[in-house]
Amino acid sequence: MSNNNPIGLFDSGVGGTSIWKEIHALLPNESTIYLADSKNAPYGQKTKEEIIELSKKNTEFLLENNCKLIIVACNTATTNAIKVLRATYDVPFIGIEPAIKPAALHTKTQKIGILATQGTLNSELFHQTVALYSDVKVIEQIGFDLVKLIENGDMHSEKMSELLEAYLLPMVAQNIDYLVLGCTHYPYLIPQIKKIIPNHIKIIDSGEAVAKQTKHILESHNLFNTSKKVEQTFYINNPPEVMQDLIGPKFKVNYKDF
């Protein structure tokens, strides 16, 4: 595996670009390939078996493109499939888990909220993590339709505002002081979330921690890019306009049917 090969990322859609942005900010000299399986989004409504098969397919695409490390930029895919991926493929994997730990360690009210997909909240890995903090009440809320709205370009729609209020206000009423975003799509909703919840509630997502872990893995495996050639490549199997809006005009999003 050449250290000048790209870092691979995949998600059930455009949400993982929130992770990619953190990676690119911390490691600007690394090449990346980002794969958005938007055609099959959201993964959160699928069975564990379906999620594993889709994750394998995405991994194999990235390995065919010589990725030296793979970031599973999707909470649902991580919590349901990463154990299988690590056992199946000989490449380092980094997963995304809801940041329960920092919220649980710092809460003053002993109540934290988590907004995530059904697939993440139902997963064994999520339940194992929550069980470590039995003195904290974790208020779970499935973000039904949020991913779909983002993928369809309806992030700022009236429907989105209505859903966010319906999901967040009951958690606020239960006195949470931390809100954990358990889906990589959700950081794009932070400006809207901040208009709904009080200022004292802290919002946590996993992006920065994942970027730091990526740097650590590159360091420990001696995989830092040493060439001057750096490329950022994006693939999506749905119309590319929504993803193009999220990453900006500097990088081109490529449509690819896979």
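The values are calculated or read from the model by the stated rules, or taken from the named source; none is laboratory data. Please read these numbers as outputs of a predicted model, since none were measured by experiment. Positions of Cβ are backbone-derived with ideal geometry, glycine not excepted, and every protein chain shown enters the neighbour counts. Side chains included, ligands, DNA and RNA excluded: accessible areas come from the protein's heavy atoms. Shrake-Rupley method; radii C 1.70, N 1.55, O 1.52, S 1.80 Å.
Numbers below:
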| read-out | value |
| --- | --- |
| Meets criteria (within 22 Å of the chain's Cα centre (by Cα), open to solvent by less than 10 Å² (accessible area, probe 1.4 Å) and closer than 15 Å to Gly113 by Cβ) for Leu218 | no |
| Meets criteria (touching a strand residue (DSSP E or B) at 6+ places or on another chain (Cβ under 8 Å) and either open to solvent by 10 Å² or more (accessible area, probe 1.4 Å) or in contact (Cβ under 8 Å) with a residue 60 or more places away in the chain (or both)) for Asn5 | no |
| Single residue of the range 201-219 satisfying the filter (at pLDDT below 95 and of a type in the set (Gly, Ala, Ser)) that is nearest to Lys108 (Cα to Cα) | Ser206 |
| Condition check for Ile112: touching an Asp or Glu at 6+ places or on another chain (Cβ under 8 Å) and either buried (at least 22 other Cβ atoms within 10 Å of the Cβ) or not charged (D, E, K, R) (or both) | yes |
| Selection count, the range 64-82, where residues are within 17 Å of the chain's Cα centre (by Cα) and in a helix (DSSP H, G or I) | 8 |
| Residues of the range 1-36 that turn out to be over 13 Å from the mean Cα position of the chain (by Cα), over 15 Å from Ala211 (Cβ atoms) and part of a loop (DSSP other than H, G, I, E, B), as a count | 7 |
| Single match in Thr88, Thr32 (criterion: hydroxyl-bearing (Ser, Thr, Tyr), touching a residue at least 12 places away in the same chain (Cβ under 8 Å) and open to solvent by 20 Å² or more (accessible area, probe 1.4 Å)) | Thr88 |
| Subset of the range 102-148 (residues that are within 26 Å of Thr17 (Cβ to Cβ), part of a helix (DSSP H, G or I) and not small (Gly, Ala, Ser)) | Pro102, Gln118, Thr120, Leu121, Leu125, Phe126, Thr129, Leu146, Val147, Lys148 |
| Where Thr233 falls short, out of the listed (1) surrounded by fewer than 16 Cβ atoms within 10 Å (Cβ to Cβ); (2) in contact with a strand residue (DSSP E or B) (Cβ under 9 Å, 6 or more places away or on another chain); (3) under 26 Å from Gly153 (Cα atoms) | (1) |
| Filter result (outside any helix (DSSP H, G or I) and not hydrophobic (A, V, I, L, M, F, W, C)) within the range 37-63 | Asp37, Pro42, Lys46, Thr47 |
| Cross-chain or 6+ apart pairs with Cβ under 7 Å, the range 209-224 first and among the β-branched types (Val, Ile, Thr), then open to solvent by 30 Å² or more (accessible area, probe 1.4 Å) and modelled with pLDDT under 95 | none |
| Qualifying residues in the range 94-109 (those that are within 14 Å of the chain's Cα centre (by Cα) and over 23 Å from Leu164 (Cβ atoms)) - the one most open to solvent (accessible area, probe 1.4 Å) | Gly95 |
| Selection from the range 236-250 of residues that are surrounded by 13 or more Cβ atoms within 10 Å (Cβ to Cβ) and not in a loop (DSSP other than H, G, I, E, B) | Ile236, Val242, Met243, Gln244, Asp245, Leu246, Ile247 |
| Any hit, the range 206-215, residues being open to solvent by less than 50 Å² (accessible area, probe 1.4 Å), touching a Lys or Arg at 6+ places or on another chain (Cβ under 6 Å) and of a type in the set (S, T, N, Q) | no |
| Of residues in the range 149-192 being in a strand (DSSP E or B) and within 17 Å of the chain's Cα centre (by Cα), the one modelled with the lowest pLDDT | Gly182 |
| Residue within the range 129-143 that is among the hydroxyl-bearing types (Ser, Thr, Tyr), surrounded by 14 or more Cβ atoms within 10 Å (Cβ to Cβ), more than 26 Å from Pro239 (Cα to Cα) and modelled with pLDDT under 95 present | yes |
